[in-house]
Amino acid sequence: MLDSKTKKQINNLRDILVGKIPDPKSQVEQITIALFYKFMWDRDKEIKDLGGNSTFFVGEFEKYSWENLFAPGLGGLECLKLYSEAIEEMEKNPNIPSVFRDIFKRAFLPYNDPYTLKLFLKGVNDFHYSNSEKLGDGFEYLLSILGTQGNAGQFRTPRHIIDFITEIVDPNKDDRICDPACGTAGFLISAYKHIQKTQSNKILGDLLTPEDKKRLGNNLFGLDIDPMMVKLALANLYLNGLNEPNIFEYDSLTSEDRWHEEFDVILANPPFMTPKGGIKPHNKFSINAKKAEILFVDYCIQHLRGPKKLGIIIPEGILHNNYNSYKEIRKRLIQDNLLFCEVELHHGVFKPYADVKTHILFCDYHVSKKSNSILFVNIKNDGFSITGARKKINDNDIDFAKDLIKCFKENKHINPSAFEGLEYKVIQKKDILNEKVFSLIGRRYLVNDIAKKSNFPSISLKDKIQIFKGKSGAQSTKPGKYKFVVSGEKFKSSEEFHFDFKAVCIPIVSSTGHGHASVRRLHYVEGKFALADIMCCIKVNDENLIHPKFLFIILNSQKDRMIASLMTGTSNVSLNLSDLEHIEIPFPSYEIQLNIVEEYETHSRRIFDLEKEVIERKIIQDSCGLKVWGE
């Protein structure tokens, strides 16, 4: 367990390095190398104290013993030269485990300042780790400080999300398991610990035979394009009990050397970002694409065998993008009996590193083949605040989601009362395949639940409305005598109009911007008006069938469920206008619609009068020093 002293020591090492190495990832690399260097010396010293012989620092490598860096009379430049030479040569040391040699591969000291190195080594020397478990606690904290990794689009997956995915995928002791973009090997460690936990009686993993343990270690594979991430993954796995981990520096999207390998289980959170000009994949992919996000999904599908179990975090665009390659992937996930569950995560899960809308795809061939449906689950709370600080909170949908998904996997009856408060929907595969774009965004299938749960019959807006996009730029429109409807609370004016009817005006672009679908307000307008080009408006075809203001009241009151739920996109979250046609609304008689409109207008007038009264009283108070009632 990480103690406050270790945490403080690691923070101190980062503070020492930051003036010479500003990049957090490079700081972590240098600290990792130094900690393993010191760890090897601690192990040698412990053996010697017990009467044994050194293991690591022997022969020509004896001169690199950690204690020699602190020899009396050793000058700053001499120390710098010795340490720099030691970390560069250590990968050639035949006396250390291969995983250690890999950690020191291509190691070098990226600065030439004896004073900084002396301070750094003194800080590292305060660590006294004779066993890998203790070092592992410190290393885990070291990894937790990694933030966004620049253009690679890498960021740390929260531990509770990793463990959630692993528990649902449920790898077993005989599965070949891979993460094709493994980073620091979080998924592989989670899978290893999960298998140990499920193979336990009295103590952790006691049901695993020696042969099981050996096979399990040989069955974990990690690939990553970043050599530093490979080092961190190797170190992380070693410190979690895997002495010879299978971690390889490899570009899963452009290299072919390992394409023939197949796996029972794939767990991944691959990078979303694509370099300028796109990826140039080899010709073994089944789709024609240049985006990393879609190529990784195709990679996973093609490298699954047997039970074909997959848990992968993806950006939202994969689930609704209208490009042929995206539609083809979604279609294959359904038709090839792979996808059985899709989980939507809220946009704050990866804060403070990123603010993106992500989803999890769960595939299991045996589960999917037995079911005609797909389960969609929306996790609104994951036990942490949506702020950048990500503080723990009481609201947490994850445990309920786990129970629900397990019920679905086992084909058990789902009792709605047991999952009250959790947003989910079971959709027939054929209904998704009958859609034009094979959308796999679950909240879109919840849009019409409100109408279906109403006391009134429901009606689809298809063929009942016309939709028009706004034509006026907010900055370029010249003021005039006509209303100019914008996304803000108050209308502006325009010297010309483009529309002349009763209209419900709806923003096309999310009001909160990057990664998060939301609609702040709708507007209702009559007569001649101009409309901002980031909005659209709805005209009712038959006003004797659907009162335009009744439609506004319904859509405005349920804007989050009926409008925002239709918005899609990883960063630029926006509305596809044609989606509005598929909304279903409660459909009372025209007389009841009129009563609802009249009640709404009366209520609005009361609010207006009350606000006016408060404002007038405030003016009197400010000018005469009177006390406003109710204060």
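Okay, here's what the table says:
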{"item": "Strands (runs of 3 or more DSSP E) within region 210-281 that include 2 or more residues within 19 Å of LEU310 (Cα to Cα)", "result": "220-224, 263-268"}
{"item": "Qualifying residue in region 578-589 (condition: among the small types (Gly, Ala, Ser), surrounded by fewer than 12 Cβ atoms within 10 Å (Cβ to Cβ), modelled with pLDDT of 70 or more and outside any helix (DSSP H, G or I))", "result": "yes"}
{"item": "Selection status of SER487, surrounded by 15 or more Cβ atoms within 10 Å (Cβ to Cβ), touching a helix residue (DSSP H, G or I) at 6+ places or on another chain (Cβ under 8 Å), of a type in the set (S, T, N, Q) and at pLDDT below 95", "result": "no"}
{"item": "Residue satisfying condition, being farther than 20 Å from VAL28 by Cα, hydrophobic (A, V, I, L, M, F, W, C), in contact with a Leu (Cβ under 9 Å, 6 or more places away or on another chain) and surrounded by 20 or more Cβ atoms within 10 Å (Cβ to Cβ), within set LEU117, LEU69", "result": "LEU69"}
{"item": "Yes/no for GLY317 being in contact with a Ser or Thr (Cβ under 6 Å, 6 or more places away or on another chain), closer than 26 Å to MET567 by Cβ and touching a residue at least 24 places away in the same chain (Cβ under 8 Å)", "result": "yes"}
{"item": "Count of residues meeting criterion [at pLDDT below 90 and among the charged types (D, E, K, R)] in region 92-127", "result": "1"}
{"item": "Qualifying residue in region 218-231 (condition: among the charged types (D, E, K, R), surrounded by fewer than 24 Cβ atoms within 10 Å (Cβ to Cβ) and at positive phi)", "result": "no"}
{"item": "Boolean, SER373 is over 26 Å from ASP251 (Cα atoms), small (Gly, Ala, Ser) and either at pLDDT 90 or above or surrounded by fewer than 23 Cβ atoms within 10 Å (Cβ to Cβ) (or both)", "result": "yes"}
{"item": "Criterion violated by ASP336 - all others in (1) buried (at least 21 other Cβ atoms within 10 Å of the Cβ); (2) in contact with a helix residue (DSSP H, G or I) (Cβ under 8 Å, 6 or more places away or on another chain) satisfied", "result": "(1)"}
{"item": "Hits in region 257-296 (condition: more than 18 Å from ILE313 (Cα to Cα) and among the β-branched types (Val, Ile, Thr))", "result": "ILE279, ILE287"}
{"item": "Test: ILE195 is assigned to a helix (DSSP H, G or I), assigned by TED's automatic domain parsing to the domain that holds ASP364, of a type outside the set (Phe, Trp, Tyr) and modelled with pLDDT of 95 or more", "result": "yes"}
{"item": "Residue match in region 265-272 (condition: in contact (Cβ under 8 Å) with a residue 24 or more places away in the chain, small (Gly, Ala, Ser) and farther than 29 Å from ASN434 by Cα)", "result": "yes"}
{"item": "Some residue of region 178-185 being in a loop (DSSP other than H, G, I, E, B), at positive phi and at pLDDT below 95", "result": "yes"}
{"item": "Residue match in region 362-375 (condition: within 18 Å of the chain's Cα centre (by Cα), in the same structural domain as LYS309 (by TED's automatic domain parsing) and closer than 22 Å to LYS430 by Cβ)", "result": "yes"}
{"item": "Filter result (part of a helix (DSSP H, G or I) and surrounded by 15 or more Cβ atoms within 10 Å (Cβ to Cβ)) within region 91-114", "result": "GLU91, VAL99, PHE100, ARG101, ASP102, ILE103, PRO114"}
{"item": "Residue among PHE497, PHE468 that is in a strand (DSSP E or B), surrounded by fewer than 20 Cβ atoms within 10 Å (Cβ to Cβ) and hydrophobic (A, V, I, L, M, F, W, C)", "result": "PHE468"}
{"item": "Filter pass, ILE31 being part of a helix (DSSP H, G or I), out of contact with any His (no Cβ under 6 Å at 6 or more places or on another chain), closer than 18 Å to PHE108 by Cα and β-branched (Val, Ile, Thr)", "result": "yes"}
{"item": "Residues of region 513-564 satisfying the condition of being assigned to a loop (DSSP other than H, G, I, E, B), hydrophobic (A, V, I, L, M, F, W, C) and more than 28 Å from HIS359 (Cβ to Cβ)", "result": "LEU545, ILE546"}
{"item": "The lone exception for LYS483 - which of (1) among the charged types (D, E, K, R); (2) over 30 Å from LYS425 (Cα atoms); (3) part of a loop (DSSP other than H, G, I, E, B) it fails", "result": "(3)"}
{"item": "Any chance ILE313 is in contact with a His (Cβ under 9 Å, 6 or more places away or on another chain) and among the hydrophobic types (A, V, I, L, M, F, W, C)", "result": "yes"}
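Every residue, every condition in (1) of a type in the set (Asp, Glu); (2) in contact with a Lys or Arg (Cβ under 9 Å, 6 or more places away or on another chain); (3) without any contact (Cβ under 8 Å) to a residue 40 or more places away in the chain, yes or no:
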residue: GLY52; (1), (2), (3): no, no, yes
residue: PHE57; (1), (2), (3): no, yes, yes
residue: TYR64; (1), (2), (3): no, no, yes
residue: ASN68; (1), (2), (3): no, no, yes
residue: PRO72; (1), (2), (3): no, no, yes
residue: GLY75; (1), (2), (3): no, no, yes
residue: ASN95; (1), (2), (3): no, no, no
residue: PHE100; (1), (2), (3): no, no, no
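The values are calculated or read from the model by the stated rules, or taken from the named source; none is laboratory data. Just so we're clear, the structure is a prediction, and the values are computed from it rather than from any experiment. All Cβ positions, even for glycine, are placed from backbone atoms using ideal geometry, and neighbour counts span all protein chains on display.
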